[in-house]
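The block underneath contains the structure these notes are about, expressed in structure tokens.
Throughout, read-outs are computed from the coordinates displayed, never taken from laboratory work. Being a predicted model, the structure only gives us computed values, none of them experimental. In this analysis, Cβ positions are derived from the backbone assuming ideal geometry, glycine residues included, and neighbour counts consider all displayed protein chains.
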Amino acid sequence: MRQSDVVSIHVLGSPQSSNLIGKRELMLMKPTAILINTARGSAVNEQALVEALTGGVIAGAGLDVFAVEPLPPDHPLRSLENVVLSPHTAAMVPEATLAGLAMAVNNVNNFLQGKATNVVRPAT
């Protein structure tokens, strides 16, 4: 956190990732750093992030996910000039869509050949 110019969050939503980034982690970042969250809104403590952004602790943030979606109209993140917000659609670019479709077709073909891939198992 101390050395990064950009911190990009990529975690599953789980009890372990809830509030993964809070005041302590944000205070470690450089004042020129940017935080990107395209994972889950719960991974970042939004109140701590707002405080870090308004207090100059970090330079900015790019957010595609929020603790409450859609982001309420009166949420403080909406009024900050050092934040870029997108409505949980950052992955909806043609390249991501095509890659996802190709993976699905590959998974079906592999399953039919008895070699299942990308199998999701419940946590134990």
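For an R0 of 22 angstrom, estimate the FRET efficiency from the Cβ-Cβ distance between Thr54 and Ala96 and round to the nearest 0.05. Please report the intermediate quantities before stating the final value.
Working: r = 32 Å, r/R0 = 1.46.
Calculated transfer efficiency: 0.10.
Here is how the number arises for the chain: DSSP H runs of 4 or more residues each give -39500 (n - 2.57), the sum is divided by the residue count, and the result at 222 nm is -8500 deg cm²/dmol. On the beta carbon distance between Val119 and Ser8, with R0 = 30 Å, the FRET formula returns roughly 0.65.
By definition, a body whose alpha carbon gyration tensor gives a ≥ b ≥ c is prolate when a/c is 1.5 or more and a/b is larger than b/c, and the chain fits this prolate description.
In this simple spin-label model, placing a label point 7 Å from the Cα along the Cα-to-Cβ direction at both Asn106 and Lys30 gives a separation of 3.5 nm.
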